[in-house]
Structures are given as structure tokens and as C-alpha cells.
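Down below is the structure, laid out as C-alpha cells.
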Amino acid sequence: MLSLSSQFPILVAIAPLMTAPICALFRGKAAPWAITTIASAFAFYISLQLLLTVASSGPISYELGGWAPPWGIEYVVDLLSGFMLVLISGVSTGVLLFARESITKEVPTSQLGLFFAAYLLALTGMLGICITGDAFNVFVFLEIMSLSSYALIAMGERTDRRALTAAFQYLIIGTVGATFYLIGVGLIYMMTGTLNIADIAARFPEIEGTRPILAAVGFIVIGLAIKLALFPFHVWLPNGYTYAPSIITAFFAGTATKVSVYLLIRYIFTVFGVDYSFEGLELTDILLPLAVLGFLSMSAVAIYQSNLKRLLAYSSVAQIGYIILGLALANETGLTASIVHIFNHAIVKTGLFLSVGCMFFVVGSTYLKDLEGIGRRMPITTFGFVLGGLGLIGVPLTPGFISKWYLVVAALEKGSVIGYGIVALLMISSLLAVIYIWRVVEVAYFREMPEGTVKEEAPISLLVPTWLFILGSFYFGIETSFNVGIAKAAAAFLMGGA
Amino acid sequence: MSFGFFNYWVFIILLMIGLYTVMSRSNLVKKMIGLSLFQISVFLFYISMGKVSGGTAPIVVDGPLDTAAPIYSNPLPHVLILTAIVVGIATTALGLSLVVRIRESFGTIDEEEILEMKDGA
Amino acid sequence: MFALETHVALSLIIPLIGAAGIALTSSVPNIRETVTLVTSVLLCLNVFSILPSIMNGVEPTVLLVELLPNIGLTLKVEPLGMTFAAVASTLWIINSIYSIGYMRGNNEPRQTGFYICFAIAIAATMGVAFSGNLLTLFVFYEVLTLSTYPLVTHKKNADALKGGRIYLGILIGTSIGLFLPAIIWTWTLTGTVDFVKGGILDGHASAGVTGVLLFLFMYGIGKAALMPIHRWLPAAMVAPTPVSALLHAVAVVKAGVFSVLKVVIYIFGIDFLATTGAAEWLTWVAAYTLIAASVVALTKDNLKARLAYSTISQLAYVVLGASMATSMAVAGGALQIVMHAFGKITLFFCAGAIYTAVHKTEISDMRGLGRQMPITFIAFLIGSLSIIGLPPLGGSWSKFYLMLGAAEADEIYLMIVLLVSSLLNIAYLLPIVARGFFYPPLGQSDEPVPVGYEKSDFSWRNIQEAPLFCVLPPVLTALACVVLFFLADPIFRLIEPILTP
């Protein structure tokens, strides 16, 4: 029992948490970055090990401090949470490789120690949410993640002072969302007398349909919807993503909202149960229209953006719409589509934001008017962006295609007019994505470079991580056995009413 | 409407006052006040939840007890809410420091004035 | 040399390696062009090395990668695809020669990118030709669209931008908006997307669903340029002529109609389609496109625009053949893919040669040009006659089989449509040649010739042809038009197995 590997579930969250204060003590350029990267890579390694263990021998339960659940806090790694852990720590590590040079342009050197400490805390929060099996513990990690992300977004202030107001807005909305979640957990605790998620799930059938539980479901679903930026609760996201430092945007776009989606999946499928969620509560009737409205309207809004980061941010909200659509369809294929898309979108969007980060590094702006002719000025970066954009559109061989395939199959399986209508709307939204990506392509390749600019690429230390994600996205779009395999298994597990 | 739910009514009323303040005020500090109120109302909710009628403080004492089977209040929500209070303080501190930085940068803490600026939020 | 399956895979790999080679040798144009030529010859040899086995009824299958559970990217060579691949790879060689002449003759910029995209487009075409299921077809279909976009917008000016928008908008729009849902729907109905002889939908779809699916497929395959989604083809004419020639007379449009044939034969099945009658509307849409595009072609003065509308009309022959759902008509459609490719590429080559030599694009400016460029104009004449469908040129066979098909289906009106269309073809193609030879050049007039005397308008002194690399290719393809007339039998025997269930 004392072997290191048996402690992996706690280590994955504790490692970045403990590294954070150490990191804050360091000054200079290299040290905080190196410490953070090592911690993140370590978390990635552990996550992979955990996922492998779960895949071969089933879910792992870890009793914190040796207190058996439901009295003690339990950490649970199952297929879905293992998958999320790998995704989060992987994206974080990749983004950190990019950070070394890029961040020096955006954050003062004197603040780098604190910056990376906050980064580690955000990472801790995300990993913690995924691994913990305790409803209140989730809230704690959620707040660890949120508080540090408010600070991180505000760090973009040196480039654009609007980062401050964006962070403040996010703080207000985010806190309201988290507090809603807290109320929901309180109500559930009142009715069940337990906070252990598995325990709640076991007791849930006795009390479902009672009024406090209805209220709890409402508070939790809305609280999480705010956190995951479901349309129309998304207003905080475009501002936050636009003004945050490049690496923070890249990191959050891939992971932050996904963690909340994970929580929503957990609650809907594990705690409330499939039958009660979709037959008792008819959550489909609420989530489905919001998802569809979300991806349509946000794709359309993205077309009109003049700032590339903002354009991608709106596209992120639209992608959240796809993910929620998948789970609102309430069948196994739909859930598979959601989980696959969580992963695929994370890879693609991170790659895109990193290539925008490269452009910012060289040009110093992300406004389209400043990026004219960027295709000739920074050919490698821009080509990466275009390839990533194809992933967003869902061109075959990209992961976006795989997600779309499952979404459409799920909608067709649902049948009826609604199913066919959704297919049509999905396609319209893909075409909107073609338009907003192609707007960028035209600016990049068909406009002349501004006077006096020369061909200059981002440094190799920025290009390598960027292309890692871009090529990775193609890898996972072609060799899909990892992402689709796990998503299918996880979906089957969740639908099986575990 | 039984009087027994008095605590919960207070909780809901405070919650709504807080939320309303957050939404309706354009002064950022007042927004923070509203947000704090909003969070604190939830603390009251948890504390009310832990109350067991006739229960006493859940402290184990040595020696014989007054009654054969003492009733304790549920300590767990109190413990939970200690954590939430810490979170609330952190949020308030962070929010207020953001307000300070906004004031330094924009010269005002009024949301509408900031919005009117060319590069406002 | 290798196992048959390896050769199939090599058909995709060779052009991709070629693309990499072109990128590496970009600084030395002569070597770069050599790489292009060597690659195209290798590809052609490779494709033809597969041919004998296909003639013997072998169907080699290669699984490239398992994209989704139970659906892989699969290559499977069947007669129809073999024919298409053989045509495309042969024409790539000739087109490469032509590209070199044209691109150098016009001092076009960014030639390396041009050749790279070209090679990728050819790889995609091979993928379309050899696709073993709908998903594979779709994947390469999209790769083809995306890799030709830079070619279409090669000039990078406002016109190119606009043309590129229409090109990409229509092709991506229809393929993602209609084709993809159709594929996924087929998959949910039948649990497979493989191309199977006799079709897979029989017994899985009601007549109504079949009709809707057919609509989705036919308009989803935008490359087939069925009206009213044909606008991309004229728009794409902003591209340099070699691109128009290979991609818009051969690779892209033929990938479209080829997909139509494949879907009709292997997904719906000719018999299933004939019994449900779901394809009837398609026949009429194709017939309408046939006539309407020809009429529009008559009104166009820009040579490439006229050829573009001619292509739209000729593509409709293939769709018509598919929609009649009789074996003769389908044979006619398949032959049309081959014959029209050689005929139309000749015409485009000639258009490009004229542009390179005298920088003229409008037909009205080309009066008397035949005297200056006789070889080009004779090649143009032969190409035109082949497209019109006169013996002894290849084009006559496809028209013949389509007529037979229409007779077999008892569609007397369709026979009239075909007849009228041939007349229209004459009306918009032959005047170009006639004006070239029999009219004096612009601004000049012929000296009156006294009665009883003869005077030749031709003189060696006046001849001023385009560079050799621009003139040789149309001559070769024009000759091929003649040769194909005599090769119709082997081609027919090659595709025969798909017609007999």
C-alpha cells in the first residue's frame, strides 16, 4: 500500500498544489517556468499511468487520509475522469513549453513567480475537480481554479487594460455560478445526508422528484452552465479569452470550460441518473434549444469579429454548444460525441490559440487589420492556423470531423423531425465556421503586408509546441482509437447507470 | 408558510438582495458588496441546515453526560461553511484588488463610465 | 514489381513524395520541373501496372487506417475507378509538360507552390478513383477541393479572391451541407458505407427516403456541377489555364461525375433505382442542365467561360447516363468520362496556347488567328469534333451508348434532348475554328481575289505558334481523341463487369 503508485490519485492534485507556493518564491525568468513545467509534466505522467491502470483494471478509489467513504473524502478515477486528467495535464504541459519565451513579452519578469504560482493553482483546481468523488470538494477545487483564473486573466493588463474589467466581470459571474452550485450541493446534502457522489447517486432514487431536489438540480445545472459558458451564460468568456495572455487563453480554451462540462456530465449521468434526468426532468427540452441556439448564434457572431482571439473565443462558445447538444440528445452515441468533442476541441483550439500567440509574439497585435498579409510574413505559423481552422470546420481527417460524425449519427438516431432539423442546423453551423475561418485566410493571404515589414517567423520554441498540437490534432483525427475508444467506453459506462 | 422555515426565507431574501445589487449597481465596489451579501446568505443556509432542534454543540466531553442520549447539532455543514467563508474572503479580496487596479488604470470605478471609454470593456 | 496492393497504395504515395521533392528543389526550377515530370511518369506507369489484374477481375483492397470503428479509409480498385485513374494519370504527364510551357511562358509567380498543390490534387484524385467506401471518397473529395483552392486563386488579385470564394463556398457548402449528411444517413440506415456491387440501400430505404437521399447525394457532390450549383465552375476559370485544363476538365469535375456514377452504381444500385423510379427527377434536371448550359455557352465571348459552360453541359451527360439507370446508359456515362476528358483538355490547352502566344481571351478577338497558329487551331478542331461526337473520334462512342441507353429506357424525349444538344455543341464550338481560319485577322481585310484565281491564306511566314511545350500537349491529346475511337472496345470490356449484376 505504501508504494508510490498507490498514491497516484492524490499526487496528481497535490503535486501542482504544493509546487505553487515554492514557485511563488522564485524570481527571474527561468526558474518559475522550469518548476511549473516539471510539475505539470509530472502530473501528466501520473495521469497517463492512472488512465492505463483504469483501462486495464477498472476504476480506482482512493481514501483520503485513510478515512473510508462516505465519511472521508474519496478520490475516484474512472475512465472519464482519467481521460480528463490526461487531457488537462497534457494540454497544460504543451502550453507551458510554449510559455517560456512567449510570456516574457506579456508579463513583467518580476511577476513571473506569482504568475506561474497562479497557473499551478488553476491546474490543481482542474485536476482536482476531475479526480475528487466528493461534491463539496468539487466546489473547493472549482473555486481554486476560478480564483486563480481571475488573477491570470487580469495579468493580460500590460497588453490591454481591458483585461482588468474582463477579469472583474468574470469574477462576478463566475462567483455567482459557483455559489449556485454550492446551494445545489447544500440542498442535496439536506436530503441525502452525504456528500460522497457515489453515495448520493445510490440514495438518489428514493428522493428524486421531491421539491428540494428539483431546486438542487436547477441550481446545479444553472451554476455549471454559467461556468461552462453555455449560451446565454457565455458573456464572460469572449472578454476573458480576448484579453488574457496568450498562453492563458490557449490553456483555458482547451480545459477550463471542459472541466465544467465534465461536472455536468457527472451530475446528469451519474448523480441524477439517465432516466430521471431525461424522463423525469426532461433536461433535453432545456439543454437542447440552448445548445442549438448557442452554436448557431455564436458561429454567426464569430464572423463579425475584428480581433482574432475574440473570433476564436466566440467559436469556443459555439463548440460548447456542440458538446452540450451531444449530451442533451441523451443517447449513447450523443454522449460519445460529447466526450470525443471535449478532447478534440481541446487539441484543435489550443493549437489555434497558440498559433495566434505566435502571431502576437511577432506582430504585437491580434487584430485582423494588423495581420494583413500574415500568410507571407509568417508562413509556417499561418499554415498551422489554417490547418487548425480546418479542424474547427470539421474537414475529414481532422478531429472535428470525427466529432461531427458522431453528433450527426446521434441526431439521426434520435429520429423525428427534431433529429433531422438538428442535422440541418449542424451543417449550417459548420458552414458558418467555413466563413469565419476563411475570413482569416483571406486576410492572411490576399492582403498585402504592411509597408516595411519583412518575413519573420516566431522563434522555434514557439513553433514546436504549436505544431505539436496541430499535428496532434491530425493524428487524433486519423488514428481515432484512443479518443473514440475511450469516449465510447466511458459513454457506455455512464449510460449503463453506474 | 410555517414559521419553521424562517431561516430559509431570510436566506432567500438576502440571496436576492445580493444578486439584485450585483446586477443593478454600476459602481464596482457596490457590486462587490452585493456579491458578498450573496455569498454570505448561502453561509446562513448551510448553518441553518446543521441545526437540530434541541441539539447542543457537538463536543465530546469526558465523564457522564447530563442526559442519556444527548442530541448534537450536525457539525459538518459548519465545517463546510468555514471553507466557503475562506473562499468568500478570497473572492472579495481579489475582487477589491481588481477594483483598485481598475481605478488606477481607468481613473474611475463606475462601470458605465468605463464602457463609454474607447477601449472600455 | 511489388504486390498489387502496394501498387494501389503507391498511386497515392508517389504524387505526395513528388510534392515533397518539389518543395525540396524549389530553388532550382529545372530540377523542380524534372521532379514533376518524373513523378507523373512514375505514377502513370504505376497505375497502368495495376490495369491487367483489374481486367482479370481482381479487386485489390488496401486498408489505410481505421478512421472510425468499422469504417476505415479503404482503397479498393474496381473497373470504373481504374478507368478514371488511368485517364487522370495519363493526362497529368501531358499537363505537366504543358504547365511548364505555360507557367514559364507567362512568367507566373509562386510556381513551386503551384506544382506542390498540383501534385497533392493528383494524389487526391487517385484517392477518389480508388476509394473503397463513401467515407474514403468523401475524404479525398474534400482534400481535392482544398488543394485546388490555392491553384484557383493563384493570381491572388481581387478576381481570384472572388472566384475562390464562389469555388470554395459552393464546393465545401454542398459537400458538408448535403453530401456528408447523406453519407451518415446511409450509414445509420444500412450500417455500412462500402461500395458494393448492386448497391447497399436495397431493402433498407423506402422509396421516399431513397428520393431524399438521392437528392442529397446529387446536390452534395457539387463537383458534378448540376444546375443550379454549377456557378463554381465558371468562377474557377480565373485560374491559370493548366489548372483549368487538368482540374476543371479532368480531375475535379470528373471526380464529381465519377462520384455520381459510383454512388448510383454501388450505393443505390441500378436495379434498385430503376424499380423505385426515384431518379426520374434527376433525368430531367440533367437534361435541363445539358441544354441550358449549352445555350449559355453560346452567349459567352470569353473562350474559357464558353468552355466552362460546355463542360457543365458535358458533365450532365454523365449524370444523365447514371440517372437513366440502364446498363447501356451507365456505360455511356462511364465512356463519356474518358472521352470528354481528352476532348476538353485539348480545347483548354489550345485556349492557353493562344493566351501564351498572343494574350487573347475573347473569341471575337481571335478572328484569323488560325492562319497564325494553324497547329493549335487544328487541334482545337479535332477536340471540338470529339466533344460534338462525330466519328472517327472517341467522343462518338459515349454519345452512341447514351443514345442506346435512352432507347433502352424508352425515353424518346431524351433522345431528342441529346440530338438538340449535339447541334448546340456544333453551334458554340465550330464557329471559333471557322472564324480562326476563314476570317481575316482583326483590323485587316482579305484582298479581293479575282474570279478564277486561287489564293491561299496560309503562308509559312505568318506562323507564330506558342512555345513548343504549349503546342505539343494539345497535339498529343488531339491524337489521343482519334486513337480512343479505336480503343473503345477494350475500355468497354474493362467496365463491363460493373454493368452485369
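Data table
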| quantity | calculated |
| --- | --- |
| Of all residues making up the stretch C:125-145, the number that are closer than 21 Å to C:Ser99 by Cβ and either out of contact with any helix residue (DSSP H, G or I) (no Cβ under 6 Å at 6 or more places or on another chain) or within 11 Å of chain A (Cβ to nearest Cβ) (or both) | 2 |
| Candidate set from the stretch C:157-171 (those that are open to solvent by 10 Å² or more (accessible area, probe 1.4 Å) and within 8 Å of chain A (Cβ to nearest Cβ)); member that is nearest to C:Leu68 (Cα to Cα) | C:Gly169 |
| Test for C:Phe114: is it of a type outside the set (A, V, I, L, M) and away from chain A (no Cβ under 12 Å) | yes |
| In the stretch A:102-118, residue most open to solvent (accessible area, probe 1.4 Å) [restricted to those that are closer than 18 Å to A:Gly357 by Cα and among the β-branched types (Val, Ile, Thr)] | A:Thr104 |
| Some residue of the stretch C:286-298 being touching a strand residue (DSSP E or B) at 6+ places or on another chain (Cβ under 6 Å) and open to solvent by 10 Å² or more (accessible area, probe 1.4 Å) | no |
| Candidate set from the stretch C:372-421 (those that are in contact with a helix residue (DSSP H, G or I) (Cβ under 6 Å, 6 or more places away or on another chain), of a type outside the set (A, V, I, L, M) and open to solvent by 10 Å² or more (accessible area, probe 1.4 Å)); member that is farthest from C:Ala331 (Cα to Cα) | C:Gln372 |
| Among the candidates A:Thr398, A:Thr453, residue that is buried (at least 20 other Cβ atoms within 10 Å of the Cβ) and in contact (Cβ under 8 Å) with a residue 60 or more places away in the chain | A:Thr398 |
| Condition met for A:Gly373 (away from chain C (no Cβ under 12 Å), surrounded by fewer than 24 Cβ atoms within 10 Å (Cβ to Cβ) and farther than 30 Å from A:Glu332 by Cα) | no |
| Residue tally, condition open to solvent by less than 20 Å² (accessible area, probe 1.4 Å), under 19 Å from the mean Cα position of the chain (by Cα) and within 14 Å of chain C (Cβ to nearest Cβ), over the stretch A:466-498 | 5 |
| C:Tyr355, sole failed condition from (1) closer than 30 Å to C:Ala488 by Cβ; (2) open to solvent by 10 Å² or more (accessible area, probe 1.4 Å); (3) not acidic (Asp, Glu) | (1) |
| Leading residue by the ranking (nearest to the chain's Cα centre (by Cα)) among those in the stretch C:172-188 that are over 21 Å from C:Val253 (Cα atoms) and either facing another protein chain (nearest Cβ under 8 Å) or open to solvent by 50 Å² or more (accessible area, probe 1.4 Å) (or both) | C:Pro181 |
| Among (1) open to solvent by less than 10 Å² (accessible area, probe 1.4 Å); (2) assigned to a helix (DSSP H, G or I); (3) out of contact with any Asp or Glu (no Cβ under 8 Å at 6 or more places or on another chain) - the single one A:Gly65 does not satisfy | (1) |
| All helices (runs of 4 or more DSSP H) inside the stretch A:377-465 with 1 or more residues being away from every other protein chain (no Cβ under 13 Å) and modelled with pLDDT under 90 | A:416-446 |
| Condition broken by C:Leu214, with the remaining ones in (1) open to solvent by less than 10 Å² (accessible area, probe 1.4 Å); (2) in contact (Cβ under 8 Å) with a residue 60 or more places away in the chain; (3) touching a Lys or Arg at 6+ places or on another chain (Cβ under 9 Å) satisfied | (3) |
| Given (1) touching an Asp or Glu at 6+ places or on another chain (Cβ under 6 Å); (2) buried (at least 21 other Cβ atoms within 10 Å of the Cβ), index of the condition A:Ser299 fails | (1) |
| Unique match (being of a type outside the set (Ser, Thr, Tyr) and open to solvent by less than 10 Å² (accessible area, probe 1.4 Å)) among A:Ala41, A:Ala20, A:Ala15, A:Ala31 | A:Ala20 |
| Single match in A:Gly209, A:Gly193 (criterion: within 12 Å of chain B (Cβ to nearest Cβ), at pLDDT below 95 and more than 23 Å from the chain's Cα centre (by Cα)) | A:Gly193 |
| Residues that are open to solvent by less than 20 Å² (accessible area, probe 1.4 Å), out of contact with any Asp or Glu (no Cβ under 9 Å at 6 or more places or on another chain) and within 21 Å of C:Pro79 (Cβ to Cβ), drawn from the stretch C:25-64 | C:Leu43, C:Cys44, C:Asn46, C:Val47, C:Ile50 |
| Every residue from the stretch A:158-182 that is buried (at least 24 other Cβ atoms within 10 Å of the Cβ) and within 7 Å of chain B (Cβ to nearest Cβ) | A:Leu164, A:Thr165, A:Ala166, A:Ala167, A:Phe168, A:Leu171, A:Thr175, A:Thr179, A:Leu182 |
| Residue among A:Phe139, A:Phe115, A:Phe83 that is within 14 Å of chain B (Cβ to nearest Cβ), in contact (Cβ under 8 Å) with a residue 40 or more places away in the chain and not in a loop (DSSP other than H, G, I, E, B) | A:Phe139 |
| Some residue of the stretch A:51-61 being outside any helix (DSSP H, G or I), open to solvent by 10 Å² or more (accessible area, probe 1.4 Å) and touching a residue at least 24 places away in the same chain (Cβ under 8 Å) | yes |
| Which numbered condition A:Ala216 fails, given (1) away from every other protein chain (no Cβ under 11 Å); (2) within 30 Å of A:Leu164 (Cβ to Cβ); (3) crowded, with 24+ Cβ neighbours inside 10 Å | (2) |
| Number of positions in the stretch B:97-117 that are touching a residue at least 40 places away in the same chain (Cβ under 8 Å) and exposed (fewer than 13 other Cβ atoms within 10 Å of the Cβ) | 1 |
| Enumeration of residues in the stretch A:363-376 that are small (Gly, Ala, Ser), at negative phi and assigned to a loop (DSSP other than H, G, I, E, B) | A:Ser365 |
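The values are calculated or read from the model by the stated rules, or taken from the named source; none is laboratory data. Computed from a predicted model, the values in this text were never measured in an experiment. Heads up, the Cβs are rebuilt from the backbone with ideal geometry, glycines too, and the neighbour counts pull from every protein chain shown. Accessible surface areas use protein heavy atoms only, side chains included; no ligands, DNA or RNA. Shrake-Rupley method; radii C 1.70, N 1.55, O 1.52, S 1.80 Å.
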